[in-house]
Amino acid sequence: MKKTYVKDLAVGMQVRSHFFVVDRRLINYTRGGAPACGLVLSLADKTGRAQAVAWNEALVADSTYRKDDVVLVTGKVQDYKGEKQIYIEDIAKACPSEVNAEDFCAPPPRPIAGMWQELEAHMATISNHFLKKLLEACFAEPGQQYAFCQAPAGREVHHAYVGGLLHHTLEVVQYALRMVEVQGTYLNRDLLLAGAVLHDISKVEEYEPRAFAFEFTDRGRLLGHVVLGAERVGRLADGIPGFPRVLRDELQHMILSHHGHREWGSPEEPKTVNAVALHLADLTSGKINQVEKIITETISLGERWSAWDKRLESSILVANLGG
């Protein structure tokens, strides 16, 4: 069966294709004076997401598929408040032998092995004994290196692909080191580099790695990678004899504050120059990747301007790029 990708959906199109379930919820309404319910699904593949609805009671009652299941959907694309929506005529859990994982997991832009080697080379330049031991202890934990190299950095906004966490971390390291070169008078190179490597270290605990949609784990929902990361670094630092408390405290603060603002998910706002630098390096990597994704999607549609992006609160001009 030929795959129909989300990016290719068009109003009026008849669809029969595989998608994975990102989310599902029931909605209650009244039909003919009697209570009824419908099913709203968020479906996705590697090219994006689309909303789908089912009003047929048999489909609504179907409980054989759950979040992250791959389903075979038959239906018609309709316009709903300016958005493309699939009106589901039939839906069933897909047979594993019929599913091509490459339809749902976008590959990283660079080989994972090469990115890991590059990150290792950066970590090798740290001269502080305690920070070097901390990094060694972190990646020596069973399965940690593999999980770190496979995890995404986000679910959809930026670096949302296998290897995305490694790719994002490497970018943050590179931005941080450039800051040291340009404005490094008060920056602690070793501490900033260690913070860049470790700032998202617990995203391996926040996301379920086997899920196409990178579903949150229970610990990820309850605590989040920022708190989990700070706790983890504190625990590992306490296991290294003589690890300076002041060094541990600032490194934990950098992790806790790297989102920059409480409304962005940071328990604390940056209060040291190294924490400020880490936040800006993290923000730059994430924001540029977010815009790159928008540009790629807009070029594929042959448009000069992107659609309005609610997160950027703007549209992006993509015409004449590089010209």
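Computed from the coordinates by the stated procedures, all read-outs in this text should not be read as laboratory data. Being a predicted model, the structure only gives us computed values, none of them experimental. Quick reminder, even Gly has a Cβ in these numbers, built from the backbone with ideal geometry, and neighbours come from all protein chains shown.
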Check your understanding: To the nearest 0.05, how large is the calculated FRET efficiency for residue 93 and residue 301 if R₀ is 35 Å and r is the Cβ-Cβ distance?
Key -> 0.65
Check your understanding: With r defined as the distance between the Cβ atoms of residue 271 and residue 182 and R0 fixed at 25 Å, what FRET efficiency is calculated, to the nearest 0.05?
Key -> 0.70
Point to revise | Set of lysines near residue 293 by C-alpha distance (under 18 Å), chain-local residues within fewer than 8 positions excluded | key: 7, 46, 310
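Which value at 222 nm does the chain reach when only helices count, each DSSP H run of 4 or more adding -39,500 (n - 2.57), with the total divided by all residues and rounded to the nearest 500 deg cm²/dmol? Can you show the working numbers first?
Details: 11 runs with 131 residues, N = 323.
Mean residue ellipticity at 222 nm (helix-derived): -12500 deg cm²/dmol.
Diagonalise the Cα gyration tensor of segment 106-292 and give the resulting equivalent ellipsoid semi-axes, square root of 5 times each eigenvalue, largest first, whole Å.
Numbers: eigenvalues 104, 66, 60 Å².
In descending order the semi-axes read 23, 18, 17 Å.
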Check your understanding: So for the pair residue 118, residue 76, with labels modelled 7 Å out along Cα→Cβ, what separation do we get in nm?
Key -> 4.9 nm
Review point. What is the Cα centroid distance between segment 172-198 and segment 77-116, reported in whole angstrom?
Key: 37 Å
Review point. When a footprinting reagent is the concern and you count Cβ atoms within 10 Å, what order do 308, 116 take, fewest first?
Key: 308, 116
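So for segment 6-102, considering every pair of alpha-carbon atoms, how many percent are separated by more than 23 Å?
Values: 1034 of 4656 pairs.
Tail fraction, whole percent: 22.
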Practice item. Please work out which option in (1) 1.03; (2) 1.14; (3) 0.98 gives Rg/Rh (Cα atoms, Kirkwood Rh) calculated from these coordinates, and answer with its label. Key: (1)
Review point. Trypsin sites (Lys or Arg not before Pro) within segment 1-79: which are DSSP loop residues with at most 11 other Cβ atoms inside 10 Å?
Key: 2, 66
Check your understanding: Computed on alpha carbon atoms, what radius of gyration and Dmax characterise segment 196-295, expressed in Å?
Key -> 14.5, 49
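Looking at the chain, what % of its DSSP beta bridges pair antiparallel, to the nearest 5?
Details: 38 of 41 bridges.
Of those bridges, close to 95 percent are antiparallel.
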Point to revise | the chain: angle of helix 189-198 to the longest principal axis, Cα-based, in degrees nearest 10 | key: 30 degrees
Check your understanding: In degrees from 0 to 90, rounded to the nearest 10, what is the angle of the helix 112-123 Cα long axis to the longest principal axis of the chain?
Key -> 30 degrees
Study note, to complete from the structure: Taking Cα atoms only, helix 245-257 is inclined relative to the longest principal axis of the chain by an angle, in degrees rounded to 10, of 20 degrees
